1. How about the stretch 156-189: which trypsin sites (Lys or Arg not before Pro) there lie in a loop by DSSP and see at most 11 other Cβ atoms within 10 Å?
2. Mind checking which of Phe202, Gly105, Gln91 is farthest towards the positive end of the stretch 89-223's charge dipole, using Cβ charges of +1 (Lys, Arg) and -1 (Asp, Glu) about the Cα centre?
3. Write down the percent of antiparallel bridges among all DSSP beta bridges whose residues are both part of the stretch 28-220, to the nearest 5.
4. If I take every Cα pair under 8 Å that is 6 or more residues apart in the stretch 28-220, average their sequence separation and divide by the length, what percent do I get for the relative contact order?
5. Which of the listed residues, Leu150, Cys68, Ile51, is farthest toward the dipole's positive end in the chain, when Lys, Arg count +1 and Asp, Glu count -1 at the beta-carbon?
6. Which three extents, in whole angstrom, do the alpha-carbon atoms of the stretch 111-167 cover along their principal axes, largest first?
7. By count of other Cβ within 10 Å, fewest leading, how are Ile47, Ile205, Ile188, Ile82 ordered?
8. Given the -39500 (n - 2.57) contribution per DSSP H run of 4+ residues, what per-residue ellipticity at 222 nm results for the chain, rounded to the nearest 500 deg cm²/dmol?
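None of the figures in this text is laboratory data; all of them are computed from the coordinates on show. On a predicted model such as this, the values are computed, not experimentally measured, just so you know. Neighbour counts run over all protein chains shown; Cβ positions are idealised from the backbone, glycine included.
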Amino acid sequence: MMVGYMMLEGEWSGPGFAGPLRRERTFMRKVLMFLTQGFEDLEAVTIIDAIGWATTREHLIPLELRTCALHDEVVGKFGTRIKVDFNVREQTIPLEEFSAFVLPGGFHDSGFDEAYCEEVYRMASRIRAHDGVVATMCVGVLPIAAAGLLAGKKATTYPLSRFHDNVSRLKEGKAEYTARKVEMDSNIISCAGPASSLEVAFRLIEVLTGKGNADEVKRLMIY
């Protein structure tokens, strides 16, 4: 997907933006995030926050985040309540408009099992097939592996679940488990746990809008 622009001009001397800044924008790249009941709160909120920061200065290239679920509202494991933009079983999502699909992890005993569904497989596969980015956190990578998108690719996941062998499930999807905190292969991002969520968010911003833009968001967030 290509980004459309209208011309904006200004001076900026921050990291990655040395000299006059000229950019054009007619629309923003869109990111679609799927949330389950029992989602991991920090992972979801980190994506919301980092993408939000990309809209806080005129010189930044922003992104538009939309949320979806199998319900009108979802509640995270630790109580974060989100009313989503799309109920995927009741509304048609224009997937061709989205440049990235994000799947935070969650707790299987609190509702995350619903991520293993045809709707998620279809959305992730459709966006990835059009050169989109798929960003996951923790066990969020497992439905992506189940969708067949990680065959022959490197990935990582949360290794400390008490009742699930996440590494074996990842390998069942023919992924190469690397045990790294953050991994990216063929524009599919994964991480080992919620503490790495911010790194996933920054990599997503970098892939979609460029390193200079991501570095400036990091600077503004005092990363």
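1. Arg162
2. Phe202
3. 30 percent
4. 21 percent
5. Most positive-ward Cα: Leu150.
6. 36, 25, 16
7. Values: Ile47 26, Ile205 30, Ile188 23, Ile82 18.
The most exposed by this proxy come first: Ile82, Ile188, Ile47, Ile205.
8. -8000 deg cm²/dmol
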